[in-house]
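Okay, structure first, notes after.
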Amino acid sequence: QVHVVESGGGLVQAGGSLRLSCATSDTVNTHPMAWFRQSPGKEREFVARMTLYDRNTDYADSVKGRFTISRDSAKNILFLQMADLKAEDTAVYYCAVRRTFTSSRFASNYDYWGQGTQVTVSS
C-alpha cells in the first residue's frame with residue numbers, strides 16, 4: 001500500500017502564495033505523480049504533473065505561469081508552489097500516484113490518493 005499525505009494548505013489572501021507538500025513512500029522516484037483539486041459541486045480537475053524520468057512538467061491552463069510542480073528525490077516529497085493565488089483557486093488539493101510509468105492528466109488513471117489539503121483564497 002502506498003501512503004500519500006498532503007500538507008501545506010491554509011487560508012491566504014488573493015495574490016498570496018502557498019507551498020503544498022506531498023509525502024510518499026518513495027514513489028517520487030519510481031512512479032508518476034500529479035496534483036489535482038476539487039471545489040464543492042465540481043469534478044476533480046487536473047492541476048499539474050511531472051513525468052517520472054525526464055521530469056517534464058505539465059500544467060492546467062488556469063494555473064500555468066503561477067504554479068510550479070517540483071520534487072525532492074532524497075526526501076520523497078512532491079511540491080506544488082502556488083503564487084498569485086486567486087479566489088477561484090480555492091479547493092481541496094490532492095496528490096496522486098500512478099502505478100504505471102506514464103503520467104496522465106486524468107484523475108481516473110491514478111491509483112493512490114492522499115486525503116487532501118484545503119486551500120482557501122480570500123478576495
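The values are calculated or read from the model by the stated rules, or taken from the named source; none is laboratory data. As the structure is a prediction and not an experimental result, all values here were calculated from the model. Cβ: placed from backbone, ideal geometry, glycine included. Neighbour counts: every protein chain shown. These accessible areas exclude ligands, DNA and RNA; they are computed on the full protein's heavy atoms, side chains included. Shrake-Rupley method; radii C 1.70, N 1.55, O 1.52, S 1.80 Å.
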Out of (1) surrounded by 18 or more Cβ atoms within 10 Å (Cβ to Cβ); (2) under 16 Å from Met50 (Cα atoms); (3) at pLDDT 95 or above, the one Thr90 does not meet is (2)
Would you confirm whether or not the range 32-41 contains a residue that is more than 16 Å from Leu20 (Cβ to Cβ), of a type in the set (A, V, I, L, M, F, W, C) and not in a loop (DSSP other than H, G, I, E, B)? no
Restricting the range 7-31 to residues that are in a loop (DSSP other than H, G, I, E, B) and touching a strand residue (DSSP E or B) at 6+ places or on another chain (Cβ under 7 Å), the one surrounded by the fewest Cβ atoms within 10 Å (Cβ to Cβ) turns out to be Ser17
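Kindly establish whether Val121 is buried (at least 16 other Cβ atoms within 10 Å of the Cβ) and over 18 Å from Val4 (Cβ atoms). Break it down stepwise before answering.
Working: buried (at least 16 other Cβ atoms within 10 Å of the Cβ): yes; over 18 Å from Val4 (Cβ atoms): yes.
Answer is yes for this residue.
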For the range 1-22 the number of residues that are modelled with pLDDT under 95 and either within 19 Å of Ser103 (Cα to Cα) or small (Gly, Ala, Ser) (or both) is 3
Residue check, Phe79 in contact (Cβ under 8 Å) with a residue 24 or more places away in the chain, of a type in the set (Phe, Trp, Tyr), within 26 Å of Gln1 (Cα to Cα) and crowded, with 16+ Cβ neighbours inside 10 Å:
yes
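Would you pick out the residues in the range 108-118 that are surrounded by 15 or more Cβ atoms within 10 Å (Cβ to Cβ) and in a loop (DSSP other than H, G, I, E, B)? Explain how you work it out, then say what you get.
To start, the set of residues in the range 108-118 that are surrounded by 15 or more Cβ atoms within 10 Å (Cβ to Cβ) comprises 109-110, 112-114, 116-117.
Passing the criteria: Tyr110, Gly114, Gly116.
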With the first residue restricted to the range 26-50 and required to be closer than 15 Å to Thr102 by Cα and modelled with pLDDT of 95 or more, and the second required to be open to solvent by 10 Å² or more (accessible area, probe 1.4 Å) and part of a loop (DSSP other than H, G, I, E, B), Cβ contacts under 6 Å at 6 or more apart or on different chains are Arg49/Ser103
Arg99: passes all of (1) among the charged types (D, E, K, R); (2) at pLDDT 95 or above; (3) exposed (fewer than 15 other Cβ atoms within 10 Å of the Cβ) but (2)
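Name the one entry in Arg49, Arg105 that is in a loop (DSSP other than H, G, I, E, B) and on the phi < 0 side of the Ramachandran plot. It would help to see each step written out before you state the result.
Working: Arg49 fails: in a loop (DSSP other than H, G, I, E, B).
Among Arg49, Arg105, only Arg105 is in a loop (DSSP other than H, G, I, E, B) and on the phi < 0 side of the Ramachandran plot.
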Of (1) farther than 30 Å from Ser122 by Cβ; (2) touching a residue at least 24 places away in the same chain (Cβ under 8 Å); (3) open to solvent by 40 Å² or more (accessible area, probe 1.4 Å), Asn56 fails just (2)
